[in-house]
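Presented below is the structure to which this report refers.
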Amino acid sequence: MRANAMFAVLLLIGLCSLTCQQLEGDLLRGNWQAAEVLEEGRPLGVDPSLIRMQFAANGKYTYSSTLNYQEAGTYYLEDNYLFTTDTLNQASTEKTVEIILLSDDSLHLKMMDTGKERLLKLFRQ
């Protein structure tokens with residue numbers, strides 16, 4: 001009887017985790033535009049209106065930034081992390097950023113760039 005109860009609890013935890021990831025994926029889908037970029041807590045001298053991300057239901061993403069930089073490829077979520085693989089650039093590897101906030105209208109991503117913490121704050125378009 002105890003083994004069955006333990007199995008049921010583990011199954012319930014697994015289902016809740018899967019459901020939470022699906023809900024996060026639903027929230028992430030859509031078009032996002034940067035409102036602010038901070039590096040080490042200070043505004044970075046870039047025009048945030050040039051930074052945009054789009055996430056589709058089929059696991060594809062696009063990213064455009066300053067200096068005409070662009071990425072496109074696949075993405076997935078695991079816990080509070082966003083994993084992306086750029087398929088435009090052949091030498092690209094999987095990138096990971098931490099999702100600090102994800103709501104109906106806000107997405108905050110924390111990443112490291114050349115050893116410095118960078119926070120990208122986006123809003124839904």
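Things to note:
- The range 42-125 shape via C-alpha gyration tensor axes, a/c threshold 1.5: rounded
- With a cut-off of 14 Å between beta carbons, the residues surrounding LEU44 carry a summed charge of -1, where Lys and Arg count +1 and Asp and Glu -1.
- Selection from ILE100, TYR81, TYR69 lying farthest towards where the dipole of the range 23-125 points positive, charges on Cβ: TYR69
- For the range 34-42, 3J(HN,Hα) per residue [Karplus equation, 6.51 cos²θ - 1.76 cosθ + 1.60, θ = phi - 60°, Hz, x = Gly/Pro]: 5, 10, 7, 10, 10, 10, 6, x, 10
- Rounded Å value of the spacing that divides the Cα centres of the range 48-68 and the range 83-106: 10
- Sorting 55-63, 117-125 by their mean Cβ neighbour count within 10 Å, with the most densely packed peptide first, gives 117-125, 55-63.
Laboratory data are not the source of any read-out in this text; all were calculated from the coordinates shown. Small disclaimer: the values here were computed from a predicted structure and weren't measured. For neighbour counting, all protein chains shown are included, and Cβ atoms are generated from backbone atoms with ideal geometry for every residue, glycine included.
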